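The structure appears below as structure tokens.
The values are calculated or read from the model by the stated rules, or taken from the named source; none is laboratory data. Since this is a predicted model, take the numbers as computed values, not measurements. Quick reminder, even Gly has a Cβ in these numbers, built from the backbone with ideal geometry, and neighbours come from all protein chains shown. Areas reflect the complete protein model, heavy atoms only, side chains present, ligands, DNA and RNA absent. Shrake-Rupley method; radii C 1.70, N 1.55, O 1.52, S 1.80 Å.
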Amino acid sequence: VVDVVAGGVFGRLAGEVLERLERDGLVVLVGPHGVGKSTLATYAAWLALWRGVTDAVVSAEEVKTGFASALENLQRYTGRRFLLLYDPVPVTAYYEPRAVVEYAEKEKERVRLAVEAALSAAGSGVKTLVVLPDELYQDLPPEAKEALEKYVVKAVLKDVEFLHEVVMRYSACGNSYKELAEKIAQFNGGYTLVAKYAGFWLRGRGCDAGDVEKAVEEAKQEPKLFL
């Protein structure tokens, strides 16, 4: 169970993803690490099910050759509408910042092939939602980026009101932490994850923000230092 702050900028962006999935059949969600791309994609997939845009979601960390055509055949013969959710980066990347660098170096080719398969799936009528960190997107071949460009949605959630709500939700505190949220919003990436764990930290400290604010300031816009 994930406690999602679905209002504000998060809700608007989820709505855009869903609208473009319906219109174009493919969305590539791109952004820095720790800003909430995977949560946003999962929430958009849930909305697609709830609103009847799709009948089933196939979630994958790997898409092999032939996977797209298999889904296309399954969709044709069952009459069910599928949404392929491809999110290649493992959860460990968000807890161990160096893990994503190691992953990117080892898996560039696999991600490239998977993105090609995802494009093929979208072309066959299977709705497809791809989640890519900035590094993996930039490392794609120029022709792949050119093909994906019109389907890209930037995951920009750097909104003080949204981050404040995340801190409040995970801390379960009644205090205002607007100043803390403003400082977190200055991070270049990872800000949503920092807001979440700042909330957990506040909960554990009886809602005392002293240590949390100090840690945010000392991290100097580097989320991995805070985490």
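Once the mean of 1/r is taken over each pair of separate Cα atoms and inverted, segment 140-227 shows a Kirkwood hydrodynamic radius of 13.9 Å. Relative to its Kirkwood radius, the Cα radius of gyration of segment 6-60 gives an Rg/Rh of 0.94. Solvent exposure of the chain amounts to 50 Å² per residue of accessible area, where only protein heavy atoms count and the probe is 1.4 Å. Note on segment 6-61: dipole from Cβ charges, positive end direction compared against Gly8, Ala48, Leu26; the farthest Cα belongs to Gly8. Stokes-Einstein diffusion for the chain at 20 °C, viscosity 1.002 mPa s, with a Kirkwood radius from C-alpha pairs, works out to 116 µm²/s. Mean residue ellipticity, 222 nm, helices only, the chain: the sum of -39500 (n - 2.57) across DSSP H runs of n ≥ 4, divided by residue count and rounded to 500, is -18000 deg cm²/dmol. The order of the peptides 113-122, 208-217 by mean Cβ neighbours within 10 Å, most packed first, is 113-122, 208-217. Surface listing: Lys64, Lys158 arranged by accessible area from highest to lowest gives Lys64, Lys158, probe 1.4 Å. Mean separation of Cα pairs under 8 Å and 6 or more residues apart, divided by the residue count, gives the chain a relative contact order of 25 percent.
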